Number of protein chains: 2
Amino acid sequence: MSFFSKSCEYALRAVFYISRSTQEGKKVGVKEIAENIQSPEAFLGKILQRLSKEGIIQSAKGPNGGFFVTEENIKRPISDIVLSIDGKALLTGCGLGLKECSEDKPCPLHHYFKDIREQLKGMLDNITIDQFNNDLIKGKVMLRK
Amino acid sequence: MSFFSKSCEYALRAVFYISRSTQEGKKVGVKEIAENIQSPEAFLGKILQRLSKEGIIQSAKGPNGGFFVTEENIKRPISDIVLSIDGKALLTGCGLGLKECSEDKPCPLHHYFKDIREQLKGMLDNITIDQFNNDLIKGKVMLRK
DNA sequence: ACAATAAAAGATATCTTTGTCTTTTATTAT
DNA sequence: ATAATAAAAGACAAAGATATCTTTTATTGT
Ligand code: FES
Ligand code: FES
């Protein structure tokens, strides 16, 4: 197990890549994205479709088409991506899998767990999509395996 | 997605239940455990088999048999259970799914992510199995959905 | 020895996630 | 209009996680 599903990992990496490309003034196709984040092309296509439908990214069909982001898009926190792909279980659910996480019927780990989960949520809520464009352009951070 | 796999959630809840039962001086069978933590019986059986094989819990066949824990067992951190069932990805892997998490080739989230992961790891390393026996006996914490 | 008990082991089934392939729809440039 | 491009949509395949069922092995009490 890892924090995010494969789909969500691809989604995050892809959105970062798209954001940088938009910053550089160009739309990008699935193929280019998939190559640069090392993900299966067709599978990534499905994921981007979803993100596009949810308004997290934009897409344009036809020649010179591809994926890109708007000013509004890149100001959004990455928790939007995580919620959209993996749902809210990670950010609000009980760590031991009880039907719901609650103060009055807590699982043994609740007290400790709650804090970690809140921190993760806080982090994802506060990091915006555009935040890494410069680091990406400078090659300071990686999107490829 | 949630932090742990279903298997791991069952494992943790079961081990807590077994630990309390041992504390109360009795071995417990799969059936009783499954009922009390609300998990599928046969599936839980497999998980307990694995934990038993790894020496995290003990088992005894035949009449008056069942699962129990030793003094050594209950002093172990619950990270042992998590590692045994879900592997190390959650505790050491890259949050964005890069082949490995590293300082010199970090993913965009690395800087933030690292801390959260370390805290989760720290928590799991420091919480011992026996730590909740009293709370469980007093009904302060729950193992049932 | 025998019957009863309970975990271990093996085989199989179902569901979800991940991944691929083909066809359709929209857009652009010629 | 037509051809080329690229995403959207749909159908399908493979793998892994979850779950069930049956048979075997070990242990106990009679
Ligand atoms: S009840 Fe389990 S984490 Fe809150
Ligand atoms: S490289 Fe991604 S978390 Fe460290």
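So which pairs qualify, if the first residue must be in the stretch B:83-96 and touching a residue at least 12 places away in the same chain (Cβ under 8 Å) and polar (S, T, N, Q), the second must be part of a helix (DSSP H, G or I) and more than 13 Å from DNA strand D (Cβ to nearest atom), the Cβ gap must be under 6 Å, and the two must be at least 6 apart or on different chains?
Within 6 Å, no pair qualifies.
If you scan the stretch A:100-135, which residues turn out to be in a helix (DSSP H, G or I), more than 16 Å from ligand 1 (Cβ to nearest atom) and facing chain B (nearest Cβ under 7 Å)? Please lay out each step first, then the result.
Of the stretch A:100-135, the ones in a helix (DSSP H, G or I) are A:110-126, A:129-135.
Adding the requirement that they be more than 16 Å from ligand 1 (Cβ to nearest atom) leaves A:122-126, A:129-135.
Once the filter is applied, which keeps residues that are in a helix (DSSP H, G or I), more than 16 Å from ligand 1 (Cβ to nearest atom) and facing chain B (nearest Cβ under 7 Å), the stretch A:100-135 yields A:MET123, A:PHE132, A:ASP135.
Which of the residues belonging to the stretch A:45-68 are of a type in the set (A, V, I, L, M, F, W, C) and surrounded by 15 or more Cβ atoms within 10 Å (Cβ to Cβ)? Spell out how you get there, then give the answer.
In the first step, residues of the stretch A:45-68 are kept if they are of a type in the set (A, V, I, L, M, F, W, C); the result is A:47-48, A:51, A:56-57, A:60, A:67-68.
Result: A:ILE47, A:LEU48, A:LEU51, A:ILE56, A:ILE57, A:PHE67, A:PHE68.
Return the residue satisfying two criteria in turn: it lies in the stretch B:73-83 and is more than 9 Å from chain A (Cβ to nearest Cβ) and touching a strand residue (DSSP E or B) at 6+ places or on another chain (Cβ under 9 Å), and of such residues it is farthest from DNA strand D (Cβ to nearest atom).
Step one: list which residues in the stretch B:73-83 are more than 9 Å from chain A (Cβ to nearest Cβ), which gives B:73-77, B:79-81, B:83.
Still in the running and touching a strand residue (DSSP E or B) at 6+ places or on another chain (Cβ under 9 Å): B:73-77.
Working: B:ASN73: 18, B:ILE74: 22, B:LYS75: 25, B:ARG76: 22, B:PRO77: 21 Å.
Among those residues, the one meeting the criterion is B:LYS75.
Can you find, within the stretch B:102-120, the residue that is farthest from DNA strand D (Cβ to nearest atom) among those that are buried (at least 18 other Cβ atoms within 10 Å of the Cβ) and not aromatic (Phe, Trp, Tyr)?
B:PRO106
Looking only at the stretch B:5-31, count how many residues are surrounded by 21 or more Cβ atoms within 10 Å (Cβ to Cβ) and at the interface with chain A (Cβ under 9 Å from one of its Cβ atoms).
Result for the stretch B:5-31: 6.
Quick check on the stretch B:39-56. Is at least one of its residues within 16 Å of ligand 1 (Cβ to nearest atom) and within 13 Å of chain A (Cβ to nearest Cβ)?
First pass over the stretch B:39-56, keeping only residues within 16 Å of ligand 1 (Cβ to nearest atom): B:39.
Within this subset, residues satisfying the condition of being within 13 Å of chain A (Cβ to nearest Cβ) are B:39.
Checked the stretch B:39-56: at least one residue is within 16 Å of ligand 1 (Cβ to nearest atom) and within 13 Å of chain A (Cβ to nearest Cβ).
Taking A:MET142 as the residue in question, decide whether it is more than 16 Å from DNA strand D (Cβ to nearest atom), under 18 Å from A:PRO77 (Cβ atoms) and free of Cβ contacts under 8 Å to residues at least 60 places away in the same chain. It would help to see each step written out before you state the result.
Details: more than 16 Å from DNA strand D (Cβ to nearest atom): yes; under 18 Å from A:PRO77 (Cβ atoms): no; free of Cβ contacts under 8 Å to residues at least 60 places away in the same chain: yes.
No.
Take the residues in the stretch A:104-134 that are more than 17 Å from the chain's Cα centre (by Cα) and over 25 Å from B:LYS121 (Cβ atoms), then tell me which one is nearest to ligand 2 (Cβ to nearest atom).
Ranking the candidates gives A:ASN134 first.
Within the stretch A:84-99, how many residues are more than 7 Å from every other protein chain (Cβ to nearest Cβ) and charged (D, E, K, R)?
Looking only at that region, the number is 1.
Considering only residues of the stretch B:69-90 that are within 15 Å of B:PHE4 (Cβ to Cβ), surrounded by 15 or more Cβ atoms within 10 Å (Cβ to Cβ) and more than 11 Å from the chain's Cα centre (by Cα), which is nearest to ligand 1 (Cβ to nearest atom)?
B:LEU90
Taken together, the values in this text are just the output of simple stated rules run on the coordinates, not laboratory data. Source: prediction; values computed, not measured. For neighbour counting, all protein chains shown are included, and Cβ atoms are generated from backbone atoms with ideal geometry for every residue, glycine included.
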